[in-house]
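Here's the structure we're looking at; comments come further down.
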Amino acid sequence: MDIKIYSTSTCPYCIMAKKYFSSRGLTYQDLDVSKDKAAADAMVKVSGQMGVPVILINGEIIIGFNKSRIESIIGK
């Protein structure tokens with residue numbers, strides 16, 4: 001499963017998302033958009049959003065930490 005999280009280190013919803021994936025034993029790529037301009041540009045290009053988190057699971061975009069949507073994609 002390919003999971004990317006566009007985040008910042010101070011965003012509480014980003015932190016919750018990362019803890020959730022870790023608790024499920026799922027690995028993810030964390031892209032800190034506050035430190036990586038290329039990642040920030042990619043996030044906006046992919047999602048049209050400036051806010052974080054933006055989560056991509058196998059190419060499907062989730063805006064924010066939407067646990068029910070995440071679970072519908074990864075399976076419970």
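What follows is calculated from the coordinates using simple rules that are stated; it is not laboratory data. Quantities reported herein were computed from a predicted structural model and do not represent experimental measurements. Cβ placement follows ideal geometry from the backbone for every residue including glycine, while neighbour counts extend to all protein chains displayed.
To check my understanding: the extent here is largest minus smallest coordinate of the Cα atoms along each principal axis. What are those three numbers for the chain, in Å, largest first?
Computed over the Cα atoms, the extents are 33, 22, 17 Å.
Mind checking the angle between helix 12-23 and the chain's longest principal axis? C-alpha axes, 0 to 90 degrees, to the nearest 10.
Relative to the chain, helix 12-23 is tipped by roughly 40 degrees.
At 222 nm, what value in deg cm²/dmol follows for the chain if DSSP H runs of at least 4 each add -39500 (n - 2.57) and the sum is divided by all its residues, to the nearest 500?
Values: 3 runs with 31 residues, N = 76.
Dividing the helical sum by the residues of the chain leaves -12000 deg cm²/dmol.
Of the peptides 32-38, 48-54, how do they stack up when ordered by the mean number of other Cβ atoms within 10 Å, highest first? Write out the running numbers ahead of the final one.
Details: 32-38: 13.3, 48-54: 17.7.
Packing order, densest peptide first, comes out as 48-54, 32-38.
Sum up the lysine pairs in the chain that clear both bars: alpha-carbon distance under 20 Å and a spacing of 8 or more or different chains.
Close lysine pairs found across the chain: 15.
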